[in-house]
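Nothing in this text is a laboratory measurement; each read-out follows from the coordinates by a stated rule. The structure presented is a predicted model; accordingly, all values stated were derived computationally and were not measured. Note: ideal-geometry Cβ built from the backbone for every residue, glycine included; neighbour counts use all protein chains shown.
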Amino acid sequence: MNRETLEKKARQVYQYMMHSERTQWGNHEWIDWAMNIDRWDWNAGVGLIAAAEYGRAAGEERVIGEVEAWVTRNRDQSEAVRVINAMAPFAVFPQLYNRQNNPYYREKTKEIAEWMAAQSPRTRNGAFEHTVTERASFREQIWADTIFMAVLFLARAARLLSDRGMADEALRQVLLHLRALQDEETGLLFHGWNCEAGDWMSAARWNRANAWNACGIPMILEELASSGFDFGENETLTEIKIRYRRLIDALALRQNANGLWPTVLDRPDFYEETSGSAGIACGIYKAARMGLAPASLKESADRTVLAMVAYISDNGAVRGASGGTPVLESVAAYNKVPIFPTVYGQGLTLLLFAEALRRTEG
């Protein structure tokens, strides 16, 4: 696909994510949670991270300005929601600091990263416990989502603050999550692990759980590679790369011929889900670019880009994204999750298009 078409589609997706009206969202009972971007939580955070990546890839300075305007508008909310799953919006703070040199962004990055490293709830094996803004408890649970929602921020904080301890903790968290969630038989990731019960709960190899890691891990490694720290023959990093390669190879094998993935990866009879598909393909692009996976796998992501274009409505809404999904009671339940527009669906698609734009440079 040529750059002009990619830029057009990316603009549409971005515009709907940041500027659409309530009347454009549809009538699902969860739609305000799904598309109201002015909430400090993981959903908006995914959108902000994607917007910043898109702004950089497309050379759209106004987009970065709109990300900063969002933070100015909503930052007071962050004081009331200090939980792991609501860390995602902070991931844009280092970029905003580097852009404006506003000390607020550096100071808040330091404050939140220190809280995360020293005070955030942990499971018995030291992984970040999945804590959320909703009135729900997931005691001793490790979820795949945390890599993107929290550990990415910690890696970016480590780079901004030149803090080796934070960098090491980010790597440790990645490895703890991979060890807990990776299925040794298939290489895919389960949605969650219960340290107390010692099981994967419903044991669903859910596509968006895999997407958060397929996309998030190379973003984390790229930040740390640019931090100036010498990791040398780091055993943690070596194991992460081995496990990540297994994940990417396994994902490529599960891709449908049209470029998308089913909502549960080992259930080809389940519906195809677009947000996870976009995140997986974005990860494949990043992995191939960074040498974490073979360059030949880029053709797999190319197919996903073509498929995703067909799911973008004229107003920029990305169709086919499943609603917010906790670890469900059974694998079958994942095939019943309703579909409607979401900020994270827009964001993961925008991340894919931003990486595809990067590929067209030069």
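Remarks
- Each of Cys282, Cys195 was scored by other Cβ atoms within 10 Å of its Cβ. Arranged with the fewest first, they read Cys195, Cys282.
- Other residues within the sphere of radius under 12 Å centred on the Cβ of Asp32, judged by their own Cβ, net out at 0 (K and R +1, D and E -1).
- As a proxy for reagent exposure, Leu161, Leu178 were ordered by neighbouring Cβ count within 10 angstrom, fewest first; the result is Leu161, Leu178.
- Of the trypsin sites (Lys or Arg not before Pro) in region 50-126, those whose Cβ has at most 13 other Cβ within 10 Å and which sit in DSSP loop: Arg124
- Sorted by Cβ neighbour density within 10 Å, fewest at the top, the residues Met17, Met35: Met35, Met17
- Whole-Å distance, taken between Cα centres, linking region 112-132 and region 220-270: 23 Å
- For the chain, the 222 nm mean residue ellipticity estimated from helices alone, with every DSSP H stretch of n ≥ 4 adding -39500 (n - 2.57) and the total spread over all residues, rounds to -17000 deg cm²/dmol.
- In summary, the helical segments of the chain meeting the span-like criteria, namely a full DSSP H run, a Cα extent along the axis of 15 angstrom or more and a mean Kyte-Doolittle hydropathy of at least -1.0, are 42-58, 61-74, 164-181, 207-225, 235-254, 274-290, 298-309, 343-360.
- Qualifying GluC sites (Glu not before Pro) for region 36-134 [loop in DSSP, other Cβ within 10 Å: at most 13]: Glu134
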